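The block underneath contains the structure these notes are about, expressed in structure tokens.
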Amino acid sequence: MIVFWIGFLVLVFGFLALDLGVFHRKDHVIGTKEALRWTGFWIGISLLFGVFIYFAYDQHWLGIGLKDGVTQTSGLKAAMDYLAGYVVEKSLSLDNIFVMAVIFQYLKIPRLYQHRVLFWGILGALVMRGSFIFAGAALLNHFSWMIYVFGAFLIFTALKMQFMDSEEQIDLNKNLVLKFAKKVFPLTHDFYGHRFFAVLESGARAATPLFLALILIESTDLIFAMDSLPAIFAITLDPFLVFTSNIMAILGLRSLYFALAALIGHFRFLKKSLIIVLLFVGVKMILSHHIHIPAWLSLGVIFLSIALGILFSILIPAKKEN
């Protein structure tokens, strides 16, 4: 099993090295067409990995999907759980895109440097998500009652999304992380290329606005991870499926940001869809010890909720204010 973990990490870091070291070695403004091409690429890679998941679990390569020699997870169930986890994380990431846009606008980060900030932000997210997943899996394995806590937390998160304005949740003027960073680090308001730290004329070393954007993105991802990871654990408790579906979803978050940042506000019913998804997986988690909800039903509810949210947003646009 360890071979799969190592292989997946090598694959991910290989893609990241090509991304920054080859395809985006020179800073440039990423247009919508380029962003859509990259978004299609990452989605394609993620779906291909889902095919690998199917055959690996179906054939039980290196014993994956087996427990004490007995099939615990079939290839079809593993592939469906992976896809459901991927869709949940991708959907919840749409809220993250809105927050990223607010951060870049607040700190006046030029589009030329936004890709580099997002690259390092997502690299940090990989480490953080991995730590969260292993901790969550350990808690659920040792304390089965934690599944009720996770489920209740998801329902609470859904209700909070319903009754709290997005602007209230991301008021950067009151952000404690930003206030702390401004007190701890010497700061400059100037940009020194794509550097996070710069040496000033006085010889002092100072953090640039890019560094502030980076730590804000990392801190907000920490908050989003607390929502998305319990949601994926509601779908499957297999750490490998949780980790791979989560990571494959956030790998394409940068290109998705550049493709949708300007349009995300138009999907006004998408928030309702996310609330339904969180409520569903929260209830599913609480009932998991009593009622079995098949993987195909979970995947269908998630797909249908997101699809209807997007469809209604297109068919029923917001009324323009006079």
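The values are calculated or read from the model by the stated rules, or taken from the named source; none is laboratory data. Everything numeric here is computed off the predicted structure, so don't read it as measured data. As a convention, Cβ positions derive from the backbone with ideal geometry for all residues, glycine included, and neighbour counts pool all protein chains shown.
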Residues that are surrounded by 14 or more Cβ atoms within 10 Å (Cβ to Cβ), under 23 Å from the mean Cα position of the chain (by Cα) and either of a type in the set (S, T, Y) or at pLDDT 80 or above (or both), drawn from region 167-193: V177, L178
Only listed residue being among the hydroxyl-bearing types (S, T, Y), surrounded by 14 or more Cβ atoms within 10 Å (Cβ to Cβ) and touching a Phe, Trp or Tyr at 6+ places or on another chain (Cβ under 6 Å), chosen from S245, S228: S245
Within region 97-195, helices (runs of 4 or more DSSP H) holding 2 or more residues that are within 22 Å of V281 (Cα to Cα): 111-142, 146-163
Where a residue in region 228-241 is closer than 12 Å to I64 by Cα and its partner, wherever it lies, is of a type outside the set (K, R) and not in a helix (DSSP H, G or I), with Cβ under 9 Å and at least six apart: D238/G65; D238/Q72; D238/T73; F240/M1; F240/I64; L241/T73; L241/I235
Residue satisfying condition, being more than 16 Å from the chain's Cα centre (by Cα) and within 19 Å of N141 (Cβ to Cβ), within set L210, L279, L237: L237
Residue identified as of a type in the set (A, V, I, L, M, F, W, C), surrounded by 18 or more Cβ atoms within 10 Å (Cβ to Cβ) and under 17 Å from the mean Cα position of the chain (by Cα) among I122, I147, I109: I122
Residue in region 65-78 that is loosely packed, with under 13 Cβ neighbours inside 10 Å, touching a residue at least 60 places away in the same chain (Cβ under 8 Å) and part of a loop (DSSP other than H, G, I, E, B) present: no
Output for region 1-14, where each listed residue is part of a helix (DSSP H, G or I) and exposed (fewer than 15 other Cβ atoms within 10 Å of the Cβ): I2, V3, W5, I6, G7, L9, V10, F13, G14
Criterion: of a type in the set (A, V, I, L, M), buried (at least 17 other Cβ atoms within 10 Å of the Cβ) and more than 25 Å from V277 (Cβ to Cβ) - qualifying residue of A138, A234, A207: A207
Selected residue (criterion: nearest to K174 (Cα to Cα)) from residues of region 194-223 that are modelled with pLDDT under 90 and among the small types (G, A, S): S219
